[in-house]
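Single-structure report; data block below.
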Amino acid sequence: MVFGWLKKWIARGKPPSWTIAVVDGAIAINDGQGAEHTVLVSDLRRVVVATDDSGPWGEDVVFLLYSEAAEPAGIIPLEANGVQDFVAWLTTLPGYHDRELAKAMSSTKVARFVVYEALA
């Protein structure tokens, strides 16, 4: 069937409604399914935008928040509620790289862009 992929996509239903907020020195992330994560602003060392090539039908951009650990301390999809406020907050930090965010938003490949690095 030619439109089988469309039926599958519609059948998935609406994806969970992620939320993010920067409140009282912490970045609060809720995945829309009950899991909540908090990253202290004082622990934030790096923010990386990860892109993939799934295009307009997939969730192809996520923000990866890193503290000292090798694994991300938090993950935020571009579609999350509050992500625009998060990015606005991020742009005020010393160590923010606007050019890298612009590259990430126009990327159509699997790639990583460091948009923020804490200054030593």
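No value in this document is a laboratory result; all are computed from the given coordinates. If you're wondering where the values come from, they're calculated on a predicted model, not measured in any experiment. Don't worry about glycine lacking a Cβ; one is built from the backbone with ideal geometry, like all the others, and counts go over all protein chains shown.
Structure notes:
- Debye-sum result for the stretch 43-117 in log10 I(q)/I(0), which assumes one identical scatterer on each alpha carbon, at q = 0.23, 0.25 Å⁻¹: -1.11, -1.29
- Calculated FRET efficiency, Ser106 to Asp24, Cβ-Cβ distance, R0 = 30 Å: about 0.30 to the nearest 0.05.
- Interchain or long-range residues, amide H under 5 Å from Arg46's placed H: Tyr66, Ala118
- Counting every pair of alpha carbons in the stretch 21-78, the share spaced more than 13 Å apart comes to 63 percent.
- Glu68 paired with Leu119, simple spin-label distance in nm, labels 7 Å along Cα-to-beta-carbon: 2.2 nm
- Across the stretch 29-120, Cα pairs under 8 Å and at least six residues apart give a relative contact order of 33 percent.
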